Amino acid sequence: MQKYNLIDVAYVIRSKNSGPYELTFDVIFKEFGMYEKVKAARIFNDKMFAALYKIKEEDIINIVHFDPAKAIKITIVRPIPSGALGETDVYGAQQHVPLMNSSFEL
């Protein structure tokens with residue numbers, strides 16, 4: 001098995017609003033080969049993402065693989081609604097860092 005840093009194999013890792021109550025994370029891979037390996041190994045799953053973001057698995061709405069773009073989209077319940085008191089990232093654009101710093105083995 002070899003360890004990979006996500007930032008080395010993906011050219012886009014981002015987060016954004018998916019409405020006021022949801023956040024979406026996008027990972028777009030550099031190469032189809034690596035995307036296919038990650039998809040086949042089910043690296044992105046509820047357990048992995050819940051642990052990474054310290055949320056409950058039931059707060060993960062979906063994980064979608066989009067083959068034409070060699071991309072994975074993860075949507076979660078937003079911990080605090082966009083614009084609510086105590087919320088610090090109205091656009092959800094600064095939530096990707098734990099994902100960006102993650103690694104996996106294949």
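The values are calculated or read from the model by the stated rules, or taken from the named source; none is laboratory data. Please read all numbers here as calculations on a predicted model, not as lab measurements. Every residue, glycine among them, receives a Cβ derived from its backbone with ideal geometry; neighbour counts consider all protein chains shown. These area figures cover heavy atoms from the full protein model, side chains too; ligands, DNA and RNA do not enter into them. Shrake-Rupley method; radii C 1.70, N 1.55, O 1.52, S 1.80 Å.
Some points to look at:
- Some residue of segment 38-59 being assigned to a strand (DSSP E or B) and within 18 Å of SER103 (Cα to Cα): no
For every residue, the table says whether it meets (1) open to solvent by less than 40 Å² (accessible area, probe 1.4 Å); (2) among the aliphatic types (A, V, I, L, M); (3) in contact (Cβ under 8 Å) with a residue 24 or more places away in the chain.
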residue	(1), (2), (3)
LYS3	no, no, yes
SER15	yes, no, yes
LEU23	yes, yes, yes
ASP26	yes, no, yes
LYS37	no, no, yes
ALA41	no, yes, yes
LYS47	no, no, no
GLY92	yes, no, yes
MET100	no, yes, yes
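- For THR88, the criteria (1) open to solvent by less than 80 Å² (accessible area, probe 1.4 Å); (2) modelled with pLDDT under 95 hold in every case but one, which is (1).
- Any hit, segment 64-71, residues being over 13 Å from the mean Cα position of the chain (by Cα) and more than 15 Å from ILE13 (Cα to Cα): yes
- Which listed residue, of GLY19, GLY33, is modelled with pLDDT under 95, farther than 14 Å from SER102 by Cα and out of contact with any Asp or Glu (no Cβ under 6 Å at 6 or more places or on another chain): GLY19
- Filtering segment 40-64 to residues that are over 18 Å from SER18 (Cα atoms) and either out of contact with any helix residue (DSSP H, G or I) (no Cβ under 8 Å at 6 or more places or on another chain) or of a type in the set (Ser, Thr, Tyr) (or both) leaves ALA40, ALA41, ARG42, ILE43, ASN45, MET48, ALA51, LYS54.
- Flag for LYS73 being out of contact with any Pro (no Cβ under 6 Å at 6 or more places or on another chain) and either surrounded by fewer than 17 Cβ atoms within 10 Å (Cβ to Cβ) or not in a strand (DSSP E or B) (or both): no
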